[in-house]
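Readers should treat all values here as calculations from the given coordinates under stated rules, not as data from a laboratory. Please read these numbers as outputs of a predicted model, since none were measured by experiment. Here the Cβ is made from the backbone with ideal geometry for all residues, glycine too, and neighbour counts use every protein chain on show.
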Amino acid sequence: MSKTALLFLLLFALHAEASPAEAERIKRGFELAAETWGLKMKIATDPAEREKLMANQPDPAAAADELWRQIAPSLKEDWTIPYAAFFLDLTRNLTVAGTDGNTGSAFAEERKRALETFAANHTAKSGIAPFCIALAESGDAKSLPLLEKIFAENPDEPTKGIAALGAAMLLKNLGDAPEVMQKRLTYLRQAIILAADQAIGGTSVAEIVGDELYVINHLAKGRTAPDLSGADVSGRVIRLSELRGKIVVLLFWDAKSPETDKFIGLTNQMALKYADKPVAILGVTPEALDRIRELQAQGAIRWNNLIDPADKLAKEYRIAARPAAFVIGPGGKIEYTGLPGSFAELTVAALLAGEAPEE
């Protein structure tokens, strides 16, 4: 057999491996592993057992890499759409260290290719609602034009409505300028008109729009932060309103994110940096009381936490994904919402300096 024929057969064999059944196996395998791991974490009470579980958390990067090898040759085909959506979900919070020591997004080129192929081939097709949801949950501003294209081109009204909802959710990352807010409200109205009864996860588009309107009216920058109260690790009840006069960094987090260790490290650095300043860092977490108490006692977590096992406080603040941060000024007004990290810390620094945080 010639080398050319052998190469052709090898390429054919590699492509033949890509199939809906294999992609489904990878997807369901990771979902089952993640669900099982989460249940074990909930019932684990022994610190050593929980530490062992944390070290054996299902690896989204490995699942994403395996899934990408299956779908990459066939991205133009319709069967890949739900699996490309799942790939975006798996990789949205993953990071990788660059050669320069800086941290960047993992799978950046693969995500870019998935979006470009989708934009060129699938925006007007039926059955793309899962991809619209994945785009919305990505938090990536680059997904906004694609959702707007789906809204403009897709003939299916429910799909258009879900795309409109996704666009509204991404627009909130662009700030609270009047023109941005008007656009968000327009898309939210379209979502209600076109897709109110469509189910997303365990809820409906109408319920999600209601939460988004609550965020606009009560949790946007410039609004007075709604009060909340809960018990910390010592059982002491803490109210957010009792911290008036201080800058409050309110952090909603849990241990399920693959970036948890990084988040804890950055927050510890912030706590040390502002230890002698009028800054209060307050976490809200559903993690087990004993585990958080132990970590705080060891100094592995250097900020106080409210224990929220039923996610009551998270629901009050309409938290859809963790980690999430709010920076609240001394007068109680929200000055920043988004991911914890450099932008949140810049907002704290500006407030300490008596400056108005940048839009």
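Taking 45 Å as R0, compute the FRET efficiency from the Cβ-Cβ separation of residue 103 and residue 124 and round it to 0.05.
Details: r = 37 Å, r/R0 = 0.82.
Efficiency at R0 = 45 Å is approximately 0.75.
Judged by the gyration tensor of its Cα atoms, with axes a ≥ b ≥ c, the range 99-241 is oblate; a/c meets the 1.5 cut and b/c is at least as large as a/b.
Sorting 276, 59 from the fewest to the most surrounding beta carbons within 10 angstrom yields 276, 59. Spacing of the modelled spin labels on residue 35 and residue 56, each 7 Å from Cα toward Cβ, amounts to 2.0 nm. Spatially, the range 322-356 and the range 262-315 are offset by 16 Å when compared through their Cα centroids.
When the Cα positions of 119, 219, 96 are compared along the charge dipole of the range 3-219, 119 comes out farthest toward the positive end, with charges on each C-beta of Lys, Arg, Asp and Glu. For the chain, a simple Cβ point-charge model (Lys and Arg +1, Asp and Glu -1, everything else neutral) yields a dipole of about 380 debye relative to the Cα centre.
Using only side-chain charges placed at the Cβ, +1 for Lys and Arg and -1 for Asp and Glu, the dipole size of the range 229-352 relative to its Cα centre rounds to 260 debye. For a test of understanding, tell me how many lysine pairs in the range 3-219 have Cα atoms under 24 Å apart, given they are 8 or more places apart or on different chains. So the count of such lysine pairs works out to 29. Would you work out which of 107, 87, 168 lies farthest towards the positive end of the dipole of the range 3-219, given +1 charges on the beta-carbon of Lys and Arg and -1 on that of Asp and Glu, about the Cα centre? Selected residue: 107.
Fewest-first ordering of 237, 249 by other beta carbons within 10 Å of each residue's beta carbon gives 237, 249. Length gained on full extension, residue 217 to residue 353, computed as 0.36 nm times the residue gap minus the Cα-Cα distance: 46.2 nm. Of all DSSP beta bridges confined to the chain, the antiparallel ones make up roughly 65%. For the range 264-359, what class follows from the C-alpha gyration tensor (a ≥ b ≥ c being the square roots of its eigenvalues): rounded when a/c is under 1.5, otherwise prolate if a/b is larger than b/c, else oblate? Judged from the Cα gyration tensor, the range 264-359 comes out oblate (a/c at least 1.5, b/c at or above a/b).
Oblate is the label for the range 3-219, because the ratio a/c of its alpha-carbon gyration tensor axes (a ≥ b ≥ c) is 1.5 or higher and a/b is not greater than b/c. For the pair the range 152-207 and the range 51-116, the centres of their Cα atoms are 26 angstrom apart.
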